[in-house]
Structures are given as C-alpha cells and as structure tokens.
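I have placed the structure first, in the form of structure tokens, so that the comments after it can refer back to it.
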Amino acid sequence: MTTKILALTDALGNLVRFVLRPGHRFDTVGVPPLIDGLSFGGLIADKAFDSNSIIADLNEHGAKIVISQHPRRASPLPLDTELYKWRHLIENFFCKLKDFKRIAMRADKTDQSFNAIIHLAAAVINSR
C-alpha cells in the first residue's frame, strides 16, 4: 500500500499545506482541500494536475495557471516557460522530505504519527 503526499508550497518552496491520499487515487482529488480558503496569485504544477476542474478553480480564484500540459489536451493553454522553471523549488521540497523517509517508512506508522512526521520534517526544512 502506498501513500501520496500532495503539498502546497509558497514561492520559495516552504510548506503551506499538505494532504495525504491513498497511492491509488488521482492527484487531482487532493487539490481542492489544498487551495480552499487561500488567496494566491498563481499555481505552478506538473502534468498530473492538468485537469479541467483544477483549471476552472484557478480561473475562479483569478490565479495565473502555470501547469505543464498533457500532450493530448484538446485545447492547449499558454504556458509561461520562464515561470515554470521555478517549479524546481517545489521539487526541492520533496527531495528534502525524502531525507525523512527512513522515519516515515517504519512499520507501525499510523495517520496520526505520519502527520506528525510530516510536520516535523516541514519545520526542519523551513528552518534551514
């Protein structure tokens, strides 16, 4: 059984919110809880988040959409390639989070202990 971590970071790659989902669920299911109640100017994401419902939510927020498009998209959206390059800061967050993999992979993990580990990891990462 696997777990997906969907994380929302600020422009510098610092954790804002995260959602844990079963590994077999689509990434797009976790986006509404991440952005609900927040004001933001844009969202940078990869192809996994190229969904008409997410695009509609972002348009509703008035946010700039910087999502790499799936090649089969019927009507491609413009992509600011220079701004998309900043996605590496988000990727850096996940790379730093992998430093805590040894702790998170222990056999007795529960949702509560896993949430505590993620918060601890985020606090350590953000303090660096």
Inter-residue pairs, beta-carbon under 7 Å, first in contact (Cβ under 8 Å) with a residue 40 or more places away in the chain and in the stretch 77-100, second acidic (Asp, Glu) and assigned to a helix (DSSP H, G or I), 6+ apart:
none
Condition check for Ile35: of a type in the set (A, V, I, L, M, F, W, C) and farther than 24 Å from Ala121 by Cα:
no
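A short reminder: the numbers here are calculations on the coordinates, not readings from a lab. This structure is a prediction, so every number in the text was calculated from the model and none was measured. A quick note on method: Cβ atoms are made from the backbone with ideal geometry, for glycine too, and the neighbour counts reach across all protein chains shown.
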